[in-house]
1. Evaluate the following for Asn160: is it in a helix (DSSP H, G or I) and modelled with pLDDT of 95 or more?
2. Is it the case, given these coordinates, that Ser53 is within 16 Å of the chain's Cα centre (by Cα), more than 13 Å from Ser151 (Cβ to Cβ) and exposed (fewer than 15 other Cβ atoms within 10 Å of the Cβ)?
3. So which residues in segment 62-79 are assigned to a helix (DSSP H, G or I) and within 21 Å of Leu94 (Cα to Cα), if there are any at all?
4. Being part of a strand (DSSP E or B) and either aliphatic (A, V, I, L, M) or more than 22 Å from Ile55 (Cβ to Cβ) (or both), is that true of even one residue in segment 95-116?
5. Residues of segment 82-100 being hydrophobic (A, V, I, L, M, F, W, C), over 20 Å from Asp27 (Cβ atoms) and touching a residue at least 24 places away in the same chain (Cβ under 8 Å), which ones?
6. Look through Lys103, Lys86, Lys114 and report the one residue that is more than 24 Å from Ile165 (Cβ to Cβ) and exposed (fewer than 14 other Cβ atoms within 10 Å of the Cβ).
7. Does Thr213 satisfy being over 23 Å from Lys54 (Cα atoms), of a type in the set (Val, Ile, Thr) and either modelled with pLDDT under 95 or assigned to a helix (DSSP H, G or I) (or both)?
8. Only one of (1) surrounded by fewer than 19 Cβ atoms within 10 Å (Cβ to Cβ); (2) of a type in the set (A, V, I, L, M); (3) within 15 Å of Ser96 (Cα to Cα) fails for Val157. Which number is that?
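The values are calculated or read from the model by the stated rules, or taken from the named source; none is laboratory data. Computed from a prediction, not measured in an experiment: that's the story for all the values here. Glycine also receives a Cβ, built like all others from the backbone with ideal geometry; neighbour counts cover every protein chain displayed.
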Amino acid sequence: MIGPLVIAVVSIRKNMEHKLAEIGVTDSKLISRKKREFLFPLIEEMCNEIKISKISPDEINKAFQNKISLNRLEAMHFSALFDEMKTDASAVYLDSPEVVEQKFGLLFQALSKKPVYVKNTKFKKEKGVGYTKIISEHKADIKYPVVSAASIIAKVVRDNEIKSIEKKLRIKLGSGYPSDMVTISAVRKNLKNPKMQEFIRMHWKTLENIKQTSLFPKK
């Protein structure tokens, strides 16, 4: 609800991936902030390449106004980061937010400028072209250490972004997620503050609820 949506793409040699699991790399939501920060530089050392994108609240708000879904916005940024990578990948693993998990992979395929195809879908390959296979699955951040590594990188960067916003606003923001009561309280108290509005994702359901309750203050 507050701050940027941070995404990361991580590249690692296949024979090195098991070492990520050995040092405790798993889904970022399952480990403490302290452990994520400990793992961050170790992941950087092991990986060939890391790309990060910070999708600002303003870009998210404009996307919603233009009827662009959050999943499509993510796919746009993921494919752009992947296209920037110098590494020739044999496979790319995506943590799919779509109900039909392959749908996110097909969206990524349509947006990427590189030759890619989604595993287990019909796709006509051109002869002599080296393709990257797309594995688009639910809970990929738990199943595959390389996706876990990307989730940790993104989470640490986002946590630091929230720290920076707190310093600018001098307001305790909590995690910035709509499940956090500290975050909800901060938004409710400062909703009309123009400086705060710069960092709010205006179209979140929780924010709509806050706006509604603000119309009917307690007597």
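1. Numbers: in a helix (DSSP H, G or I): yes; modelled with pLDDT of 95 or more: yes.
Here the answer is yes, as Asn160 does meet what is asked.
2. Numbers: within 16 Å of the chain's Cα centre (by Cα): yes; more than 13 Å from Ser151 (Cβ to Cβ): yes; exposed (fewer than 15 other Cβ atoms within 10 Å of the Cβ): no.
Criteria not met by Ser53.
3. First, pick out the residues of segment 62-79 that are assigned to a helix (DSSP H, G or I): 62-65, 70-79.
Result: Leu70, Asn71, Arg72, Leu73, Glu74, Ala75, Met76, His77, Phe78, Ser79.
4. Quick first cut of segment 95-116, residues part of a strand (DSSP E or B) only: 95, 116.
Among the residues that remain, those that are also either aliphatic (A, V, I, L, M) or more than 22 Å from Ile55 (Cβ to Cβ) (or both) are: 116.
Yes: one or more hits.
5. Residues satisfying the conditions are Phe82, Met85, Ala89.
6. On the way: Lys103 fails: exposed (fewer than 14 other Cβ atoms within 10 Å of the Cβ); Lys114 fails: exposed (fewer than 14 other Cβ atoms within 10 Å of the Cβ).
None of the other options fit; the residue is Lys86.
7. Working: over 23 Å from Lys54 (Cα atoms): yes; of a type in the set (Val, Ile, Thr): yes; either modelled with pLDDT under 95 or assigned to a helix (DSSP H, G or I) (or both): yes.
Yes; evaluated as a whole, the condition is true for this residue.
8. Only one criterion in (1) surrounded by fewer than 19 Cβ atoms within 10 Å (Cβ to Cβ); (2) of a type in the set (A, V, I, L, M); (3) within 15 Å of Ser96 (Cα to Cα) is unmet by Val157, namely (3).
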